[in-house]
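To start, the structure under review is shown below, and the notes come after it.
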Amino acid sequence: MSEGSGSRARQASSVRLADWFRDLRGPLRKFIGRRRRLASADLDDVAQEVYLRLLRYDRVELVEDPRAYLFRIAANVASEWAMRAHERLPHAANWLDDLTTDVDAVSDYERGKRQREVQEAMAGLSLRAREILRLRYNEDLDNDAIAQRLGISLRVVRRDLAHSYTHLRLVLGAPRVGDP
C-alpha cells in the first residue's frame with residue numbers, strides 16, 4: 001500500500017468515525033446521562049472523550065456494529081470519569097451545611113455594617129428618645145400607651161418621635177418622606 005493510499009484510508013476512517021459520532025450523538029448523550037454516577041455537567045466532556053478515543057482507533061473497518069461499539073466506549077469512559085471524580089474530590093454531604101455563598105457573606109457584612117451605623121446613630125439620641133423608639137418598635141405600643149408607660153404627655157412623645165426620626169434620617173442619610 002502506498003503512502004498516499006494510507007493517508008486516504010486514515011482520512012476516510014476519520015470521516016466515518018465523525019459520521020458515527022454525529023449520527024449517534026443524541027442517543028449517546030441519553031445513554032451517558034442515564035449513568036447514575038456521572039454528573040450531568042460532565043455529559044459533553046464524556047461525549048468529547050468518547051470521540052477522541054474513536055479518533056485514535058485505526059481499524060474502523062473491523063467494527064461490525066458502530067452503535068454498540070460507541071456505547072461500549074462511552075460506558076467505559078463514563079465509568080473512568082466517575083471513578084476519577086469520586087477519588088479526586090472525596091466529600092461528605094454534611095460539608096455542604098457549612099458552606100456560605102459570596103452573596104451570603106456580602107449581605108451579612110452589609111447587614112452588620114448597617115446595624116453598627118444604626119446603633120451609633122441611636123447613641124446620639126437622648127435616653128428618653130431611645131426608650132420611646134424601643135417601646136414603639138420592640139413592644140409595638142402606640143403614642144398614648146408610651147405616654148402612660150413613661151408618665152409623660154402625649155405631646156412630648158410626638159415631639160421626641162419627630163426629633164428622633166429627623167436625627168436618624170440626617171445621620172443615616174435616609175431619604176425624607178416624599179423624596180424620590
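The values are calculated or read from the model by the stated rules, or taken from the named source; none is laboratory data. It should be emphasised that the depicted structure is a prediction, and the values quoted were computed from it without experimental measurement. Because the Cβ atoms are built from the backbone with ideal geometry, glycine has one as well, and the counts that use them run over all protein chains shown.
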- Restricted to region 137-172, and to residues that are of a type in the set (Gly, Ala, Ser) and touching a helix residue (DSSP H, G or I) at 6+ places or on another chain (Cβ under 9 Å), which residue is modelled with the lowest pLDDT? Ser164
- Message: So for region 20-35 (the condition being surrounded by 15 or more Cβ atoms within 10 Å (Cβ to Cβ), of a type in the set (Val, Ile, Thr) and modelled with pLDDT of 75 or more), does at least one residue qualify?
- Response: no
- Looking at Leu168, is it surrounded by 13 or more Cβ atoms within 10 Å (Cβ to Cβ), in a helix (DSSP H, G or I) and not hydroxyl-bearing (Ser, Thr, Tyr)? yes
